[in-house]
Amino acid sequence: MKIVRAVMCSVILGILHASALQAQRDKPYEFADLDGVWGRVELRDNSIPAVKLNAAGQAISFQKRDAIFEILKNSRALQPFKGFALRADKGVVGYADSTGNTDTRGPIRMIVGMTVGHFIRNARTGQVEPFYIEMPRIEIQTNNLSRTPPTWDANKFWYEGLRDEQGQEFYLEPHATARTDGGLDIYRLDAWTEEVLVTNGRPVWIPATSEQFLRAMINYARKMRADEIENARSSGGVIPETQSGPMQFLRSYEKELAALPPAERLQPAYYLRNVNDPLQSGLVKAGTQWSRLVVTPNPDYLDRTLPRTAVQLISCLYNYNLPYGSDEPEKPSISLRTLNGLARHLEYEKLAALIDR
């Protein structure tokens, strides 16, 4: 009997021990309260040779990149930062097009990033260290016209975007959801992301005309028809025009454009999806309820006479990631509040002073 009880106790203790180990594996850390510190600052300048900057250009780009970093680091919105850690990275990079070739003519892109982390104590080892995985982050970039509020998925017509025959892109105008202390617009891009732009005074995007929009829709329908023909050919079939969905769209869009008076062709395009007539482009008159203005990147935003190291646009992207594996919201909320406060209270006027005109 004693042997049976001993065996049963051993089994129970083994189960409890296994449960404790599993609990540690499921939650291997706990948050630790320490004074905030700056973690390591990582440099990402390895693409400098690819963008063909000479020594003088490199020195200027590094100087401007570091000036942005100092503005972020010394912002009043980050002081004091007791209870969480800050990790930064900064770099100078070049643009790469869809073929992977680096643009050696366009303006240089400078990047400064900061991740707001928490101190955690490993439940197994007792070691305390900063924790940054999937934590809130700000990324400040210069001259990145491909990452402005209209280009985000919420403002695209389709996932692959809308373009005309020349490749000009069209989007739905983004709406500002808040303002900074200095009156700059804050754009909500998705559930976890906000963006603030510091510009050279020119509009980053401009209204598209009704004719531009319809020609882009016509180009999209033609592309759909070309894809349809290719897909049918690969499977050994043929889809005649009379049975083609894209051809129905194409004829409808062409008919809309032909019926548009010359004066209206030059008017700004407004879009509202017509659920009652899916073949209609969605072009509506200005003032139509729930409609949105169609916009396109401003081709004259950049001053091409300025050197490549000139700062002509600064975008501040705030990403409010949810902390990985956290079930203690009061701690992650520190970093969320900090980043949210930074979006509203960062000294954007100091960033504006870095814009070259």
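What follows is calculated from the coordinates using simple rules that are stated; it is not laboratory data. For clarity, every value in this text was computed on a predicted model and none was experimentally measured. With ideal geometry, Cβ positions are generated from the backbone for all residues, glycine too; neighbour counts draw on all protein chains shown.
Can you give the FRET efficiency for D356 and Y159, using 1/(1 + (r/R0)^6), R0 = 30 Å, r = Cβ-Cβ distance, to the nearest 0.05? Could you put the intermediate results ahead of the total?
Details: r = 35 Å, r/R0 = 1.17.
Computed FRET efficiency for D356 and Y159: 0.30.
Averaging Cα coordinates gives a centre for the stretch 233-298 and one for the stretch 133-166; these two points are 24 Å apart. Only one residue of S291, M224, Q248 has its Cα farthest out toward the positive end of the dipole of the stretch 210-297, where Lys and Arg carry +1 and Asp and Glu -1 on Cβ, and that residue is S291.
Summarising the amide proton neighbourhood of V311: residues at separation of 5 or more, or on other chains, whose placed amide H is nearer than 5 Å comprise D356. The charge dipole of the stretch 210-297, taken about its Cα centre with unit charges on the Cβ of Lys, Arg, Asp and Glu (plus for the first two, minus for the last two), comes to roughly 160 debye.
In plain terms, if you count all Cα to Cα distances in the stretch 187-291 and split them into 5 Å steps from zero, the share in each step is 2, 10, 15, 16, 14, 14, 12, 9, 5, 2, 1, 0 percent.
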